[in-house]
Amino acid sequence: MAKTKTPPKPEVAQLTFRGQTIDLPVIIGTENEIAFNISNLRKQTGGVTLDYGYLNTGSCESSITYLDGEKGVLRYRGYPVEELAAKSRFTEVAYLLINGRMPDTKERAGWSALLNQHSMIHEDMSYFFRQFPEHAHPMAVLSAMVVSLSTFYPELSQHRPNEPEEAINFAATRLMSKLRTIAAFSYKKSIGEPFVYPRHDLKYCANFLNMMFGSPVCPYEIHPEVVKALEVLLILHADHEQNCSTSAVRLVGSARVNLYASISAGICALWGPLHGGANQMVIEMLEDIISSGKSVKEYVEDVKCSRGKTLLYGFGHRVYKTYDPRAKIIKKTCDRVLKTLKVNDRMLDVALELEALAMQDEYFTSRNLYPNVDFYSGIIYRAIGIPKEMFTVMFALGRLPGWIAQWKEAREDPRFKLQRPRQIYTGPTKRHLLPEEVSTGLVKAPRVRRQPTIQPIGPSNS
Ligand code: SDX
C-alpha cells in the first residue's frame, strides 16, 4: 500500500528576545513570496514592530494583483498586464479584477448593459457642480461627488455586517459607470461648457471621450487610435496591489464604511504628488524646464544637488527597482498616438532626453530610479486634449476597479478586522500641572437653574 506522504511541517522563523524565543509561522504565497506572521507578537513578547512607510510590512494576503519589483512583472489575477493591454477592453479587465475571471459572452453583454443603465447621475447631483468655484481641482470635485453618491444611493448600508454579494456588485457597477460621468462633467464644469450626457450606443472609453469633448453644437469625431490608447492607459492603471490609495480604501473600508466613502478616501490619497498626482507634476516639471531656458542636463544636476528636495517626477518607485513595465507600454503608446494625431510635442523630446540622461547617471541608477507609470502618461493625455488638472482623475478612473476589487476582497476575508496600527510613544512621561500652568481663566459659572419652559397644551400660537 502506497505510504501516505506526511505533509511537510510548516516552516517557522524564530525571534529571541530577553531570553525568550518565539516561533513566527511562515506564510509562502503562490509566487513564493515570504511573510512572517506576527499576529501574536505583542501577546507573546509585549513588543510591536515599527516600519516607517511599511516598506517591510504586508497588510493582507490577496489574490488580485501580483507584482515583482525586481523583475518588473505585473499580473492581474495571473494575466500579464502586457497581454491584457494588447488584447482586452478596460471594462473586461475591470470585470476580471472585481470577479476574479474574464466575463463570458453573456456576462460581457450583461456588464455592458448595466454600465449603460447606471451611466447617468441623479439630476440633483448635477447642480452640485455649479456650487464649486471655477478653479476647483477636479480631484476635490471627484472625491466630494463620490462620497455624495452614498446620500443618493444608500443601498450599501454601513451597519449590515454581511452585505449580500449582489448588493456590493450592484453598487460597484453603479460606481464604475457614474465615476466616468462625474469625471467628464467636472471637466465640462471647469471649462464652462454644458454637460454632454452618456450615450448607450457608445462603449465605455468612446462614451467618456464623447462626454469630455462632444458638444451640443458640434459632434466630436471619436478616433479609434485615441480610444485604443485610452483603453490601454486605463488597463495599466487598473490595480497595483497595496499602494498608498488602495491601502487607504482598505483601511477606511475596515471600519465598515460604505463603498462610496471608502473610494472617496482612495481618491484623496491618490491626489498626492508622490502618488497619482505625479502625472500632473511631470508635466509641470517639463513646463518648468522648457520655460526656465535651462538645459535638461542643468535640471538633472539641480535634482542631484537638491539632496531629495527637488524630485524627478515620474521617476522612482517604492516597489519597482527596474523599469516600471507599465511605463514601457505607455512610452510605445505615446509614440503611436502622437504619430497618428500628427502631434509634435516638445515635451516628449524633453522627457526622452531626461530619461536618457538619468539612465546613464549613477545618482539615479544607484538608487534604482527608473521611469514609472506617471512619466509618459501625461504626454498622451495632452495629445488627446485632456488638461493636466484632469490627469489624476484619469488615474482614478483606471484605478477604480482595483480599489473596488480590493475593498470587496477585504470585506469577504474571514480575517477581516478593523485596521488600527500600534505606535511607540516617545513623549513626556507622567507629570502634573505646575501651579503657574493651572488656568486661572476658569471662572466658576454662577449656579443658575434654568426653569424648563412648559409648552401650554392647545393650538400652537407659532
Ligand atoms: C505611483 O505604490 C505604487 O504602486 C504606486 C503606483 C500605483 O500604481 O499605485 O505605482 C503609482 O504612485 C507611482 C510613483 C509616482 N510618484 C512619483 O513619480 C514621485 C517621484 N518619486 C518619488 O517621490 C519616490 O520615488 C517614491 C515616493 C515614488 C518612492 O520613494 P521611496 O520608496 O519612499 O524611496 P525614497 O524616497 O526613500 O528614495 C530613496 C532615494 C532617496 O535618496 P537618498 O536619501 O538615498 O540620497 O532616492 C531618492 C531619494 O531622495 N529619490 C529621488 C526620487 N525618488 C527617490 N530623487 C529624485 N527624484 C525622484 N523621483
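Numbers below:
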quantity	calculated
The listed residue being under 23 Å from the mean Cα position of the chain (by Cα) and open to solvent by less than 10 Å² (accessible area, probe 1.4 Å), out of Thr151, Thr181	Thr181
Residue, surrounded by the most Cβ atoms within 10 Å (Cβ to Cβ), within region 386-419, restricted to residues that are among the basic types (Lys, Arg) and either part of a helix (DSSP H, G or I) or within 16 Å of the ligand (Cβ to nearest atom) (or both)	Arg399
Residue list for region 319-328, filter: in a helix (DSSP H, G or I), over 15 Å from Tyr381 (Cβ atoms) and open to solvent by less than 70 Å² (accessible area, probe 1.4 Å)	Pro325
Scan of region 109-133 for residues that are over 25 Å from the mean Cα position of the chain (by Cα) and within 27 Å of Ser63 (Cα to Cα), ordered by number	Ala109, Gly110
Conditions (1) free of Cβ contacts under 8 Å to residues at least 24 places away in the same chain; (2) surrounded by 13 or more Cβ atoms within 10 Å (Cβ to Cβ): number failed by Thr440	(2)
Tabulated pairs, region 301-313, first assigned by TED's automatic domain parsing to the domain that holds Ser366, second of a type in the set (D, E, K, R) and within 6 Å of the ligand (Cβ to nearest atom), C-beta under 9 angstrom, 6+ apart or interchain	Tyr313/Asp374
For Phe36: the one exception among (1) among the hydrophobic types (A, V, I, L, M, F, W, C); (2) under 20 Å from Lys417 (Cα atoms); (3) in contact with a strand residue (DSSP E or B) (Cβ under 6 Å, 6 or more places away or on another chain); (4) open to solvent by less than 50 Å² (accessible area, probe 1.4 Å)	(4)
Complete set of residues in region 350-381 that are acidic (Asp, Glu) and exposed (fewer than 14 other Cβ atoms within 10 Å of the Cβ)	Glu362
Flag if Arg130 is exposed (fewer than 15 other Cβ atoms within 10 Å of the Cβ), not in a helix (DSSP H, G or I) and not assigned by TED's automatic domain parsing to the domain that holds Ile27	no
Residues of region 197-209 satisfying the condition of being crowded, with 19+ Cβ neighbours inside 10 Å and closer than 26 Å to Ala261 by Cα	Pro198, Tyr204, Cys205, Asn207, Phe208
When residues of region 1-22 are limited to those that are open to solvent by 70 Å² or more (accessible area, probe 1.4 Å) and touching a helix residue (DSSP H, G or I) at 6+ places or on another chain (Cβ under 9 Å), the one farthest from Arg75 (Cα to Cα)	Arg18
Residues of region 335-348 classified as under 18 Å from Glu284 (Cα atoms), open to solvent by less than 60 Å² (accessible area, probe 1.4 Å) and either near the ligand (Cβ under 7 Å from one of its atoms) or in a helix (DSSP H, G or I) (or both), total	2
Members of region 216-228 that are more than 18 Å from Arg180 (Cβ to Cβ) and of a type outside the set (A, V, I, L, M, F, W, C)	Pro216, Pro219, Glu221, His223, Pro224, Glu225
Given (1) in a helix (DSSP H, G or I); (2) over 27 Å from Glu70 (Cβ atoms); (3) not assigned by TED's automatic domain parsing to the domain that holds Asn210, index of the condition Phe364 fails	(2)
Those residues of region 400-452 which are out of contact with any Ser or Thr (no Cβ under 7 Å at 6 or more places or on another chain) and of a type in the set (Gly, Ala, Ser), in sequence order	Ala405, Gly427, Ser439, Gly441, Ala445
Long-range neighbours under 6 Å by Cβ, at least six apart or interchain, first residue outside the structural domain of Tyr260 (by TED's automatic domain parsing) within region 172-192, second open to solvent by 10 Å² or more (accessible area, probe 1.4 Å) and modelled with pLDDT of 95 or more	none
Residue list for region 351-385, restricted to those being near the ligand (Cβ under 10 Å from one of its atoms), farther than 21 Å from His240 by Cα and of a type outside the set (D, E, K, R)	Ala358, Tyr363, Phe364, Ser366
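Residues are listed down the side, and each one gets a yes or a no for (1) within 26 Å of Thr173 (Cβ to Cβ); (2) among the polar types (S, T, N, Q); (3) touching a helix residue (DSSP H, G or I) at 6+ places or on another chain (Cβ under 9 Å):
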| site | (1), (2), (3) |
| --- | --- |
| Lys388 | no, no, yes |
| Val393 | yes, no, yes |
| Ala396 | yes, no, yes |
| Trp403 | yes, no, yes |
| Gly427 | no, no, no |
| His432 | no, no, no |
| Glu437 | no, no, no |
| Gly441 | no, no, no |
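The values are calculated or read from the model by the stated rules, or taken from the named source; none is laboratory data. Just so it is clear, the model here is predicted, and its values are computed rather than measured. As a convention, Cβ positions derive from the backbone with ideal geometry for all residues, glycine included, and neighbour counts pool all protein chains shown. When the accessible area is computed, the model is the full protein with side chains, heavy atoms only, and any ligands, DNA or RNA have been set aside. Shrake-Rupley method; radii C 1.70, N 1.55, O 1.52, S 1.80 Å.
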